[in-house]
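Colleague: Take a look at this one; I'll ask things after.
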């Protein structure tokens, strides 16, 4: 009688081969996952910065709609706010600069070009990391931008 070796299991070499292949596969996947986590934090930060800008733009539109036109849009009525906490992991500085312009004044503070139309305001909204000079979001708006 001949004894046949039992078949139905993995040999030690097959198990080692599987571990090596799985390790090589994971070595390629793990850096991708860490990039996703890093980018998720950055996207969240930029979304919060843009939210602050949109909130400010809506406040400017509301000030215009109260009937005083652009006269209400001043740095005194819209002060900059520092170290704002939105409940996330980062604090923000919201800087608002308002520049007025009358017909014939050159150059236009927003575009640098000549402007011969009605009086208007150029509003620059900058959002940056609190206590840092790193700008996360900056946008300039003219009268037409405030009304749209």
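Colleague: Identify, from the list 51, 64, 46, the residue that is surrounded by 14 or more Cβ atoms within 10 Å (Cβ to Cβ), part of a helix (DSSP H, G or I) and in contact (Cβ under 8 Å) with a residue 40 or more places away in the chain. If you could, list the steps in order and put the result at the bottom.
Modeller: Values: 51 fails: in contact (Cβ under 8 Å) with a residue 40 or more places away in the chain; 46 fails: surrounded by 14 or more Cβ atoms within 10 Å (Cβ to Cβ).
Answer to the check: 64.
Colleague: Looking at residue 86, is it modelled with pLDDT under 75, more than 16 Å from residue 70 (Cα to Cα) and under 22 Å from the mean Cα position of the chain (by Cα)? Can you show your working first?
Modeller: Details: modelled with pLDDT under 75: yes; more than 16 Å from residue 70 (Cα to Cα): yes; under 22 Å from the mean Cα position of the chain (by Cα): yes.
So residue 86 fits the description; yes.
Colleague: Continuing with this model, one more query. So residue 53 passes all but one of these: (1) under 18 Å from the mean Cα position of the chain (by Cα); (2) more than 15 Å from residue 93 (Cβ to Cβ). Which condition number does it fail?
Modeller: (2)
Colleague: Kindly indicate which of 36, 102 is loosely packed, with under 12 Cβ neighbours inside 10 Å, on the phi < 0 side of the Ramachandran plot, at pLDDT below 80 and under 20 Å from the mean Cα position of the chain (by Cα). Even if it seems obvious, please write down each step before you answer.
Modeller: Working: 102 fails: under 20 Å from the mean Cα position of the chain (by Cα).
Step by step, each of 36, 102 is checked, and only 36 is loosely packed, with under 12 Cβ neighbours inside 10 Å, on the phi < 0 side of the Ramachandran plot, at pLDDT below 80 and under 20 Å from the mean Cα position of the chain (by Cα).
Colleague: Turning to a different aspect of this structure: List the number of the failed condition for residue 142; all other conditions in (1) over 16 Å from residue 50 (Cα atoms); (2) touching a strand residue (DSSP E or B) at 6+ places or on another chain (Cβ under 7 Å); (3) at pLDDT 80 or above hold.
Modeller: Only one criterion is unmet by residue 142, namely (3).
Colleague: Any residue at all in the stretch 113-123 that is modelled with pLDDT under 65, more than 18 Å from residue 71 (Cα to Cα) and in contact with a strand residue (DSSP E or B) (Cβ under 9 Å, 6 or more places away or on another chain)?
Modeller: Initial filter on the stretch 113-123 (modelled with pLDDT under 65): 113-119.
Filter once more, so that each one left must be more than 18 Å from residue 71 (Cα to Cα): 113-116.
Now drop any that are not in contact with a strand residue (DSSP E or B) (Cβ under 9 Å, 6 or more places away or on another chain), which leaves 115.
Among the residues of the stretch 113-123, at least one is modelled with pLDDT under 65, more than 18 Å from residue 71 (Cα to Cα) and in contact with a strand residue (DSSP E or B) (Cβ under 9 Å, 6 or more places away or on another chain), which makes the answer yes.
The values are calculated or read from the model by the stated rules, or taken from the named source; none is laboratory data. Note that the structure is predicted; figures quoted are calculated from it, not measured. Neighbour counts are summed over all protein chains in view; Cβ atoms, including those assigned to glycine, are modelled from backbone coordinates with ideal geometry.
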